[in-house]
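Worksheet: the structure to be examined is printed underneath.
The values are calculated or read from the model by the stated rules, or taken from the named source; none is laboratory data. Computed from a predicted model, the values in this text were never measured in an experiment. As a convention, Cβ positions derive from the backbone with ideal geometry for all residues, glycine included, and neighbour counts pool all protein chains shown. Remember, those area values only see protein heavy atoms, side chains included, never the ligands or the DNA or RNA. Shrake-Rupley method; radii C 1.70, N 1.55, O 1.52, S 1.80 Å.
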Amino acid sequence: MQVPAPVEYERALSVDDAIERLTRLGPEARLVAGGHSLLPMMKLRLARPECLIDINGLADLSFIRRDGNVLRIGAMTRHSELLASQVISEVAKIIPDAEAVIADPIVRNRGTVGGSMCQADPAEDLSAVFAALDAMVEIRGPRGTRVVSVNGFHTGPYSTVVEPDEILTEVSFVTQKNLGSAYEKVERRVGDWAIAAAGAVIALQDGKIQRVGIGLAAVGAPDFRASRAEAYLLGKDATPDLFDEAARMASAECNPNSDQRGPSAYKRHLVEVLTRRALDGALSNSKGKAN
Amino acid sequence: MTTTENQANPIGFGRMLRKEDARFLRGKGNYVDDLNLPGMLHGAVLRSPYAHARIKSIDISAAQAHPKVKAVITGEILETLNLAWIPSLSHDVVAVLATDKVRFQGQEVAFVVAEDRYSARDALELIEVDYEVLPPVVDAKKALDKDAPVIRDDIAGKVDNFIFDWESGDKAATDEVFANAAIVVNQDMLYPRVHPAPMETCGAVAYMDPIDQKLTIYSTTQAPHAHRTLYALVAGLPEHKLRVVSPDIGGGFGNKVGIYPGYVLAIVGSILTKRPVKWMEDRSENLMSTSFARDYHMKGSIAASADGKILGLRVDVLADHGAFNNTAQPTKFPAGFFHVFTGSYDLMAAHCSVRGVYTNKAPGGVAYACSFRVTEAVYLVERMVDRLAQELKMDPAELRMKNLLRPEQFPYTSPTGWEYDSGEYPRALRLAMDIAGYEELRKEQAQKRAKGELMGIGISFFTETVGAGPKRHMDILGLGMADGCEVRVHPTGKAVVRLSVQSQGQGHETTFAQIVSEVTGIPPEDIDVVHGDTDNTPFGLGTYGSRSTPVSGAAAAIAARRVVDKARIVASAMLECAPEDLEWEKGRFNIKGDKSVGKTMAEIALGAHGTVELPEGVEGHLNAECVYDPPNLTYPFGAYICVVDVDPATAKVSVRRFIAVDDCGPRINPMIVEGQVHGGLADGVGMALMEVIAFDEDGNNLGASFMDYLIPTSLECPSWETGATVTPSPHHPLGLKGVGESATVGSPPAVVNAVIDALAPYGVKHADMPLTPAQVWQAMQGAPYRTDLAIQ
Ligand SMILES: Cc1cc2nc3c(=O)[nH]c(=O)nc-3n(C[C@H](O)[C@H](O)[C@H](O)COP(=O)(O)OP(=O)(O)OC[C@H]3O[C@@H](n4cnc5c(N)ncnc54)[C@H](O)[C@@H]3O)c2cc1C
């Protein structure tokens, strides 16, 4: 049994209460959501917060809600709830595609959207998913509520714009009827983090690409996205050659490290293959909706 | 098989549910970590963060001042007790706590005993160790370089990292065969370092009773008797005041054969504090510091005639033994049974040489369904045969059929001196091919290849070498590898069988009851199996190397036969006839020719304990013992076929089918045999595709958690297709051969052969395990990497 360093534990009664406790206890206090990233780090004593503030009781942060053409997901929504949601799979197939290959059922039953975003692991799949969806993130704190884009949300590996006294409350993105999406991941073994992963979101208007997002995980892509490839695709006809070229661009613009999951050249190669597959998948998903 | 088919009530052999599962499935097993003795304290080990460093000083004062700490032990303190170093299992020494240097990352440096586990762990952080970091030896191939740092400067006069050279076979004859052969194929290959990773990590609870001076050690051991004797010899403790108890064990795979520093530290902690001390390692400690397996760098060569008759085999091995030579091998065999590497083939000559070296890695060496290095041997020969098939452009099944030993060649003496007891190899291979639909699979493969799809079919034929072993050849630290058994029938006809071997999940409580049942006719459910407690069982060397059934199974059968022999005498006294006038019918003796007159075992047992007048010289009661020294090893074998698909773009392998035909002689309980095979096949898929402990250039262990050391899940495993042939062992009393490690030994080459076969369109000849997507992709680029080092 790996045992963490001594730690205090408190339970937040509301979002405001959580913020109040964070403010009172200072930067050595940490929110705990699903605990599937924080607790392993504490057991290895890589993280040693002085106090945990448990937000699992905040039922009002657990929702999947359609709000006009915006889809809102509460921070405490579990991976497994995203995976099971009919609304989500209709609106954004990229989410269940990704969720099906995030960790294992035990982790998915507890791990949350907010925890995933705030953990900001460079291989976090949901970061790539929300990058592709051009999502917005709602953050609340003692200085009020702010809504920021996922672009710029991550400030580096394991760090985000969320301040120690703030809490991420919601992730949202704009939906549209013909929005197609897909996610592709290669892992060494089921339940492992990605060697590389790519997600794509696409919508056509009059045959031209009207909206596109390409998210990349585990390959050092700035903001978890392939922005040059996206820019290249926008406004053009969705042809196989175009996708080939976009996939090559995505592969060129990311910046993977070599590690025990594979050498950087292989990861770069995977980005090309997976981006291409994700674009194809997104396009066919979109076409399925148009009919 | 369906569950209902397994729910039978056989007398003797046959499918039946496991007796022990009643408690395991309800979560009522009793493992070392479940023990809580009154007043028990908890220990934690401080480990080295460095692979190689000199210890300049250790300051324990702050840890000692922790309010809940009862003792802090360092190497210096152990030196005063003469316990800082203990003998290894291979004529070396192992540090219990480092005194001069640390020699691998994760090595034990200090031990804290505290009132609870949390405080013990907290106090580790209060110990200050001043290290002078030294350059490590990480790459085994550079261990003998002139300028390599000397790891074992504790050994007087040691100026290099050399451990041993060992060889087997006839070098001159082999050279001659190679010189005259039409075809010679060479292939270097690594069987990388892997870890047994049992579900339960290692641990112990030690209690030295301060009043009667009796030391009881509850520990995760596969060999309680051997441990007791070694504790007595090493620590000078009187053996009658020592009791080793191995309660329920959550998997061993060889990981729990050796004596770990933690066990010794729990004992010392108890002696110093006069209270029970529990030490239980965590997952990372288990992966970093306990016995690994394999780590053989092999240079193989195979010689054949132009039409595919295999003539000779040669291999040079560089064996990475880590920082201490602590492999659990029979004394005479520093490379275990590796020299059985000629496998299942009829060839003229063979030679192997093995060189052992020290590196800055954890010691160990045969764990993980060890079979004493038969795993490495089978991998070598099965890869070489496939390489030969590739060069000859011959079907690998056909090549094997052509060269397999024929039934009439048994008993067969191999070129390196092993006497294979029995085998019908071509029958097993044919059966596997029939189950697989081999010819159809090849057709499908050709069609797929034409479309650019990658499908591979891999075959492996293995001969296992288990049941160590004959005392004249085999001992561990001077203890002969013979095992005892006692069978005692109670007055009402129920029985107890006491064994020296210890189950780690193999189902001994069921199978040994079935063995005794087979011989005595007493139903298995009426036979209690006692094991794992040195106070309650006869001496023996324990369970590893698939030796329980071949050795203790024989002891149990013979003891049971002795019971039946005595039962005949008792029955004859009861029936007032001559013993020869009785006829045995499983479970009862009848008057010859008249089944209506007889006595059941229960009646006989009551008679034996009652007032029946027995013949002169025959004592009452109904029990017997046996100490079994096996005349030879047993040689289970099998034919495995693996079918894989490889995604040409991502290089990811998926195992589509796996066909395993095993011949382990008669099957005591076919359900348990299949379970053993299923587990071993999963092991094999794991080793072939994902398991490895690599080290970076600083000697950091890159497989120190389950996020880094991957073991397969059900999703990587196909639905196993098993088959059986039965070739009894001629020398085992019941013909049994053992099956614990067959699938682990036999399956990795089948998977690797399948993947390499799939990659044939890319001209790939070999890539070392594990065949992760990255490694397969590298192989497709013509540049597979070394899997023992960090990926660049
Ligand atoms: C074995 C295993 C495999 C995994 N594999 C994958 C994978 O393949 N892909 C993948 O994407 N992920 C994977 N994960 C991570 C998993 O998705 C985690 O659950 C997730 O990263 C964190 O969510 P959590 O709710 O458990 O966060 P926690 O562990 O509770 O918290 C993580 C961090 O976020 C902070 N935090 C949590 N909620 C909030 C909030 N609302 N506002 C502000 N800060 C907050 C915490 O303070 C903490 O610093 C894996 C995890 C495990 C254990």
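In region B:640-664, the qualifying residues are those that are hydroxyl-bearing (S, T, Y) and buried (at least 19 other Cβ atoms within 10 Å of the Cβ), and the one that is nearest to the other protein chains (Cβ to nearest Cβ) is B:T650. For the subset of region A:70-100 comprising residues that are assigned to a loop (DSSP other than H, G, I, E, B) and surrounded by fewer than 20 Cβ atoms within 10 Å (Cβ to Cβ), which member is farthest from the ligand (Cβ to nearest atom)? Going through the qualifying residues, I end up with A:S85. For residues that are within 12 Å of the chain's Cα centre (by Cα) and among the aliphatic types (A, V, I, L, M), tally how many sit in region A:197-229. So the answer is 5.
Can you tell me which residues in region A:173-206 are open to solvent by less than 10 Å² (accessible area, probe 1.4 Å), within 14 Å of chain B (Cβ to nearest Cβ) and in a loop (DSSP other than H, G, I, E, B)?
A:D192
The conditions of being within 13 Å of the ligand (Cβ to nearest atom), at pLDDT 95 or above, farther than 30 Å from B:K652 by Cα and more than 14 Å from chain B (Cβ to nearest Cβ) are met by A:E170. A:G144 fulfils the conditions (1) in contact (Cβ under 8 Å) with a residue 12 or more places away in the chain; (2) open to solvent by less than 40 Å² (accessible area, probe 1.4 Å) except for a single criterion, (1). B:Q676 meets all of the listed conditions (1) without any contact (Cβ under 8 Å) to a residue 40 or more places away in the chain; (2) open to solvent by 40 Å² or more (accessible area, probe 1.4 Å) but one, namely (1). The condition of being of a type in the set (A, V, I, L, M, F, W, C), buried (at least 24 other Cβ atoms within 10 Å of the Cβ) and touching a Phe, Trp or Tyr at 6+ places or on another chain (Cβ under 9 Å) holds for only one of B:F410, B:F333, B:F324, B:F341, that being B:F324. Every condition in (1) touching a strand residue (DSSP E or B) at 6+ places or on another chain (Cβ under 6 Å); (2) more than 24 Å from B:G620 (Cβ to Cβ); (3) in a strand (DSSP E or B) holds for B:K595 except the one numbered (1).
Every residue, every condition in (1) among the hydrophobic types (A, V, I, L, M, F, W, C); (2) buried (at least 21 other Cβ atoms within 10 Å of the Cβ), yes or no:
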position	(1), (2)
B:V501	yes, yes
B:F512	yes, yes
B:D528	no, no
B:C577	yes, no
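For A:H269, the criteria (1) surrounded by 24 or more Cβ atoms within 10 Å (Cβ to Cβ); (2) within 14 Å of chain B (Cβ to nearest Cβ); (3) more than 24 Å from A:S37 (Cα to Cα) hold in every case but one, which is (1). Helices (runs of 4 or more DSSP H) fully within region B:1-77 that include at least 1 residues being farther than 24 Å from B:V268 by Cα and open to solvent by 80 Å² or more (accessible area, probe 1.4 Å): B:3-6. Of all the numbered requirements in (1) crowded, with 19+ Cβ neighbours inside 10 Å; (2) more than 14 Å from every other protein chain (Cβ to nearest Cβ); (3) near the ligand (Cβ under 8 Å from one of its atoms), A:A123 misses one, and that requirement is (2).
Given the structure, is B:G740 within 30 Å of B:A557 (Cα to Cα) and of a type outside the set (A, V, I, L, M, F, W, C)? So B:G740 passes the test. Whenever a residue of region B:769-792 is among the β-branched types (V, I, T), its partners that are assigned to a helix (DSSP H, G or I) and open to solvent by 10 Å² or more (accessible area, probe 1.4 Å), lying with C-beta atoms within less than 8 angstrom and at least six residues away or across chains, give the pairs B:T772/B:L689. Scoring A:D223 on the criteria (1) away from chain B (no Cβ under 14 Å); (2) in contact (Cβ under 8 Å) with a residue 12 or more places away in the chain; (3) closer than 18 Å to A:L279 by Cβ leaves a single failure, condition (3).
Counting only residues that are free of Cβ contacts under 8 Å to residues at least 60 places away in the same chain and within 14 Å of chain B (Cβ to nearest Cβ), region A:10-49 holds 9 of them.
From the list A:I102, A:I55, pick out the single residue that is among the β-branched types (V, I, T) and either closer than 20 Å to A:A132 by Cβ or modelled with pLDDT under 95 (or both). Before the answer, list the steps.
Details: A:I55 fails: either closer than 20 Å to A:A132 by Cβ or modelled with pLDDT under 95 (or both).
On inspection, the qualifying residue turns out to be A:I102.
Scanning region B:683-717 for residues that are under 20 Å from the mean Cα position of the chain (by Cα) and more than 12 Å from chain A (Cβ to nearest Cβ) returns B:D683, B:G684, B:M687, B:A688.
Residues in region B:514-526 that are within 25 Å of B:N632 (Cβ to Cβ) and open to solvent by less than 10 Å² (accessible area, probe 1.4 Å): B:Q514, B:I515, B:V516.
Beta carbons closer than 8 Å, at least 6 apart along the sequence or on distinct chains, pair a first residue in region A:106-132 that is within 12 Å of A:G35 (Cα to Cα) with a second that is near the ligand (Cβ under 6 Å from one of its atoms) and charged (D, E, K, R) for A:S116/A:E124; A:S116/A:D125. Residues in region B:454-489 that are among the aromatic types (F, W, Y) and more than 18 Å from B:L633 (Cβ to Cβ): B:F461 alone.
Total residues in region A:41-58 satisfying the condition of being within 22 Å of the chain's Cα centre (by Cα) and closer than 13 Å to A:A18 by Cα: the figure is 4.
Might you check whether a residue that is charged (D, E, K, R), buried (at least 19 other Cβ atoms within 10 Å of the Cβ), more than 19 Å from B:L311 (Cα to Cα) and at pLDDT 95 or above occurs anywhere in region B:413-422? Within region B:413-422, one or more residues are charged (D, E, K, R), buried (at least 19 other Cβ atoms within 10 Å of the Cβ), more than 19 Å from B:L311 (Cα to Cα) and at pLDDT 95 or above. Here B:R667 passes the criteria (1) away from every other protein chain (no Cβ under 14 Å); (2) more than 21 Å from the chain's Cα centre (by Cα); (3) in a loop (DSSP other than H, G, I, E, B) except the one numbered (2).
When region B:95-108 is limited to residues that are surrounded by 24 or more Cβ atoms within 10 Å (Cβ to Cβ) and among the β-branched types (V, I, T), the one that is nearest to the other protein chains (Cβ to nearest Cβ) turns out to be B:V102. Within region B:181-221, the residues that satisfy the criterion of being of a type outside the set (A, V, I, L, M) and without any contact (Cβ under 8 Å) to a residue 40 or more places away in the chain are B:D209, B:D212, B:Q213, B:K214, B:T216. Would you check if there is a residue in region B:724-737 being closer than 30 Å to B:V138 by Cα, away from chain A (no Cβ under 14 Å) and over 23 Å from the mean Cα position of the chain (by Cα)? Scanning region B:724-737, I find no residue that is closer than 30 Å to B:V138 by Cα, away from chain A (no Cβ under 14 Å) and over 23 Å from the mean Cα position of the chain (by Cα), so the answer is no.
Select from region B:742-778 the residues that are in a loop (DSSP other than H, G, I, E, B), open to solvent by less than 10 Å² (accessible area, probe 1.4 Å) and in contact with a Ser or Thr (Cβ under 8 Å, 6 or more places away or on another chain) and write down the one among them that is nearest to the other protein chains (Cβ to nearest Cβ). Looking at the filtered set, the residue picked out is B:P770.
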